[in-house]
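Q: Sharing a structure below in structure tokens format, with a few things to ask.
The values are calculated or read from the model by the stated rules, or taken from the named source; none is laboratory data. Fair warning: this is a prediction, and the values are worked out from it, not measured in the lab. Heads up, the Cβs are rebuilt from the backbone with ideal geometry, glycines too, and the neighbour counts pull from every protein chain shown. Note: accessible area is taken over every heavy atom of the protein model, side chains too, but ligands, DNA and RNA are not part of it. Shrake-Rupley method; radii C 1.70, N 1.55, O 1.52, S 1.80 Å.
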Amino acid sequence: MSSKASTPEERVEQLLEYCNDKEWNSAMEKFMVDECIVFEEYDEGGEYSLQQTDTYHKFLKLFEGKLEDYMKKSGYSKREIFSDFRLVEEQNPDSFTAHAIQFVLAVVEFKVFASLMYDTYKTTTNKKK
């Protein structure tokens, strides 16, 4: 792990870089493909099933594990991470880093997650035909 970055933007960039490794991306893609079937009946704006909610909680646990691992290795606390997210968004809202933050935060919102899983389901189903 490289030395502690000096600016909020640099710290956030290091976190995003850490979360963008090949092994992690492969694990997340496998999770999505393996679990997307529970979103077969997904209806945007409709009720969510217990299975869908459980799948979301599994996803959050994986995401949280990755974040915890980063915090142990970097000495960067959750409070510092979210403080830096806010600072980057305020200081440079049009930067690539600010947009990446929005994506990360969006993914941990159930509605965005459900839509992403439904898209994964449709894509994997179409490939099998």
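Q: Over the chain, what is the mean sequence separation of C-alpha contacts under 8 Å (at least six apart), divided by residue count, expressed as relative contact order in percent? Each step should come with its number before you reach the end.
A: Numbers: 68 pairs, mean separation 53.9, N = 129.
That works out to 42 percent.
Q: How much of the accessible area of the chain, probe 1.4 Å, is carbon plus sulfur, in whole percent?
A: Values: 4440 of 8480 Å².
With neighbouring chains kept in place, the figure for the chain is 52 percent.
Q: Now a separate question. Which residues does the label zone of THR125 cover in the range 33-69, counting backbone N under 12 Å from a point 7 Å along Cα→Cβ?
A: Once the point is set 7 Å along Cα→Cβ of THR125, 36-43 turn out to lie under 12 Å by backbone N, inside the range 33-69.
Q: Hey, if you drop one equal point scatterer on each alpha-carbon of the range 21-93 and run the Debye formula without solvent, what base-10 log of I(q)/I(0) do you get at q = 0.15, 0.27 Å⁻¹?
A: -0.74, -1.13
Q: What's the angle, to the nearest 10 degrees (0 to 90), between helix 50-74's Cα axis and the longest principal axis of the chain?
A: Its long axis makes an angle of about 20 degrees.
Q: Starting from the Cα of GLU17, move 7 Å in the Cα-to-Cβ direction to define the label point; list residues of the range 48-85 whose amide nitrogen is under 13 Å from there.
A: Backbone N within reach: none found.
Q: At 0.36 nm per residue, minus the direct Cα-Cα distance, what do LYS78 and LEU105 gain on full extension? Give it in nm, one decimal, please. Don't skip to the end; give the middle numbers.
A: On the way: separation 27, 0.36 × 27 = 9.72 nm, distance 1.35 nm.
Length difference between fully extended and current span is 8.4 nm.
Q: Largest first and in whole Å, give the semi-axes of the chain's equivalent ellipsoid, each being the square root of 5 times a Cα gyration tensor eigenvalue. Walk me through the numbers before you get to the answer.
A: Details: eigenvalues 182, 50, 36 Å².
Square roots of five times the eigenvalues give 30, 16, 13 Å.
Q: Taking the Cα centre of the chain as origin and charging only Cβ (+1 Lys, Arg; -1 Asp, Glu), how large is the dipole, in debye to the nearest 20? Working shown, then result.
A: On the way: 17 positive and 25 negative charges, 86 e Å.
Charge dipole, the chain, about its Cα centre: 420 debye, nearest 20.
Q: For the chain, take the longest principal axis of its alpha carbons; what is the angle in degrees between that and the long axis of helix 78-91, to the nearest 10 within 0 to 90?
A: 80 degrees
Q: Further question: What is the helix-to-structure angle for 8-19, meaning the angle in degrees between its Cα long axis and the longest Cα principal axis of the chain, kept from 0 to 90 and rounded to the nearest 10?
A: So the helix axis and the longest Cα principal axis differ by about 40 degrees.
Q: Also: For the chain, what does -39500 (n - 2.57) per DSSP helix run (n ≥ 4), summed and divided by total residues, give at 222 nm, in deg cm²/dmol to the nearest 500?
A: Working: 6 runs with 96 residues, N = 129.
Calculated mean residue ellipticity at 222 nm is -24500 deg cm²/dmol.
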